[in-house]
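Let me begin by presenting the structure, written as structure tokens, before commenting on it.
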Amino acid sequence: MKGKSIAESEYIEKSERKDEIENVNRKRRFSREEKGKGKLVVETDLESEDESLVDVSFSDVELPAEEVKSPDEKLSKRSNRRTSGGRMERFRDAARRNASRFAYFNTREEEEENNNNLSVEAEREIPSVEEHIEEKVVEDWPGPFSTAMKIIRDRTANLNVRQGSSSSDQVPSVQIKWVPQKGKGKDGSKRLPPSLLDLSLRVLVDNADAIASLDHVPDAMRHKLCQMLCDSRQMNSNLLDLLLSGSPTEIRLRECSWLTEDQFSECFVKCDTSNLTVLQLDYCGQCLADYNIPSTLARSLNSLPALTTLSLTGAYRLSDAGLSVLVSSAPALRSVNLSQCSFLTHGAIEILASSLASVLLELFINDCQSIDAMLMLPSLKKLERLKVLSVAGLESVTDKFIKEIITARGDGMKELILSGCGKLTDSSLKIIAETCSSLRSLDIGNVPKLTDNSLGYLASGCRSLELLKLCRNTFSDDAIGAFLEISGEVLKELALNNVGKVGHNTALSLARRSRNLVSLDLSWCRNLTDEAMGLIVDSCLSLRVLKLFGCTQITDVFLYGHSNAKVEIIGLKLSPLLEHI
């Protein structure tokens, strides 16, 4: 114990001498290397440690002469330190000064940790950076869309300031002045009398069992008659025999769920298909299967030489093998609709590409969930003349797929149907706008990840759009209004069904710019008032069809106050549905 107290007293004397040197050099700033990586607070008792562990050498420190203090100042500071800190505080100070000598630093581990952290941060930050860049491209670039957006927002802000309201108020931010004109409106409950042709066709439908022949009936009238028969569920095998008699050029049946396998085989086995150009057998899953195709439709290698349009929607028993037999009999196919054919895989697209690569113009594969978009991509790129592509409802369609196919075939694309492809984002619309300058029709309904930026891209790139469907999306009223200010003059058909933010800015832009609009769907847009509807209908003189399903806020003030007698308003007052399908 005595030896320990002597060592302790010697250690204290050394510590006091070091404190004096520390006081002399108190204003000197040490570098990061001298300080070590950070501060280390040691709470252990250093009395039992070897004094060499806390010995600090200051032989390399140069002391400025002007900062040396007098002995009296040193003694006073020493006494203050003793009284305030105590012995343990001095030990802690010594430990802090010597922490850099005991700190362990592994350069390799530090670099690996930093690299891992950077990679993780990069993966997290890159999408947000890309989105930020995309927002800047649309918002900050001084183009027509950005200018229109700014004008609309400034107009709304100025009106809110004058009214003392905020943008969060539920009242319309833009006032619309429209005065109903009594006596000039069209009564929605009263319809124009049917034409003589319509009356004649209705008589035929009501007495379908008495029809003995359809010879010399034009294809257009046959098509309309078949449509009315299918809608009224009066089509049967006897009428199908009449349609197939002779050498028909068009067979259009958009509802074949009533047709059995035996009836199908009996009707088509004796049909002359050499002149057939259009074959539509939608919802034929009950009657059409792989094993009866060779004996009915594909009786020989070239049994359908003139067939250009084939529609087999809902053929749920058709597989890749059956399609191969059918395609080999129709070398001139230009349009193929295989929507809702659940057995088809990406091999079906390979069959089409190998046989029709240079002639196929239109392909519809809506809701074919067994077809993987990325697996069919190589085959799809082989379709050299593809102008219409519909992949609606395919869950495997992603931004990467859109980028690949549009880069390869987007130059000649005229129509794209992407509704229900929930994985698509603004980047897909950006590549479409940059590549498909001649696009005429676009359906991007029910794609929830799209933002206002998409409309900015379309307004800047796709200036020839005549048909646009934006149903069930979250686009803002300002963005739709700005888009219409830029591209509204070209549009002939616009669907805003269930776009909840549609309001008076959209109405004003429609009235100003969409003078060539023929069909407009504003169903479930409940922010539009009678005044907004009246302004749209009275200003868009080419408008012939206006759909307002679910617009319970619309009253007779609009119905009987608008002045456009040629527009047909559908969806209010329980108007018949089948007449407008």
What part of the accessible area of the range 315-399, given as a whole %, is carbon or sulfur when the probe is 1.4 angstrom?
54
Could you report the range 225-365's accessible area per residue, 1.4 Å probe, as an integer in Å²?
36
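Does the range 196-259 come out rounded, prolate or oblate, given a ≥ b ≥ c as the square roots of the eigenvalues of its C-alpha gyration tensor, rounded meaning a/c under 1.5 and, failing that, prolate meaning a/b above b/c?
Numbers: a/c = 1.37, a/b = 1.06, b/c = 1.29.
Rounded, because the longest to shortest axis ratio a/c is under 1.5.
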Are any of the pairs Lys469/Lys492; Lys423/Lys449; Lys403/Lys423; Lys224/Lys469; Lys414/Lys547 more than 18 Å apart by Cα-Cα distance, and if so, which?
Lys224/Lys469; Lys414/Lys547
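For the range 491-581, what does the accessible surface come to per residue with a 1.4 Å probe? Please give it in Å².
41
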In Å, what Rg and Dmax follow from the Cα atoms of the range 275-318?
10.6, 27
In the neighborhood of Ser396, defined by Cβ-to-Cβ distances under 14 Å, what is the net charge if each Lys or Arg adds +1 and each Asp or Glu adds -1?
-3
Everything considered on the Cα gyration tensor (a ≥ b ≥ c; rounded for a/c under 1.5, else prolate if a/b is larger than b/c, else oblate), the range 271-366 must be described as rounded
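Add +1 for every Lys or Arg and -1 for every Asp or Glu among the other residues with Cβ under 11 Å from the Cβ of Gly347, and state the total. Display every interim value, and only then the final one.
Details: positive: none; negative: Asp320, Glu350, Asp372.
Result for the neighbourhood of Gly347: -3.
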Please give me the summed charge of the neighbours of Cys551: other residues whose Cβ is under 14 Å from its Cβ, Lys and Arg +1, Asp and Glu -1.
-1
Distance cut-off 28 Å, percentage of C-alpha pairs in the range 409-548 lying past it:
11
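For the range 316-362, what is the per residue volume of the convex hull drawn over the alpha-carbon atoms, in cubic angstrom? Can you show the working numbers first?
Numbers: hull volume 3.0 nm³, N = 47.
Here the figure is 64 Å³ per residue.
Tell me, what % of the accessible area of the range 493-581 is carbon and sulfur with a 1.4 angstrom probe? Could you put the intermediate results ahead of the total?
On the way: 2040 of 3660 Å².
C and S fraction of accessible area: 56 percent.
Using the Cα gyration tensor of the range 437-486, with a ≥ b ≥ c the square roots of its eigenvalues, what is the shape: rounded (a/c below 1.5), prolate (a/b larger than b/c) or oblate (neither)? Each step should come with its number before you reach the end.
Numbers: a/c = 1.81, a/b = 1.26, b/c = 1.44.
Taking the square roots of the gyration eigenvalues as a ≥ b ≥ c, the range 437-486 is oblate.
What number do you get for the range 224-320 when its Cα radius of gyration is normalised by 2.2 N^0.38 Å, N = residues? Mind dumping the intermediate values first?
Numbers: Rg = 12.4 Å, N = 97, 2.2 N^0.38 = 12.5 Å.
Rg over 2.2 N^0.38 Å, computed on Cα atoms: 0.99.
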Using packing as a proxy for protection, rank 503-509, 87-93, 340-346 so that the peptide with the highest average count of other Cβ atoms within 10 Å comes first.
503-509, 340-346, 87-93
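The values are calculated or read from the model by the stated rules, or taken from the named source; none is laboratory data. Keep in mind it's a predicted model, so treat the numbers as computed, not measured. Glycine gets a Cβ as well: all are built from the backbone with ideal geometry, and neighbour counts include every protein chain shown. Quick note on the areas: whole protein, heavy atoms, side chains included, nothing else; ligands and nucleic acids left out. Shrake-Rupley method; radii C 1.70, N 1.55, O 1.52, S 1.80 Å.
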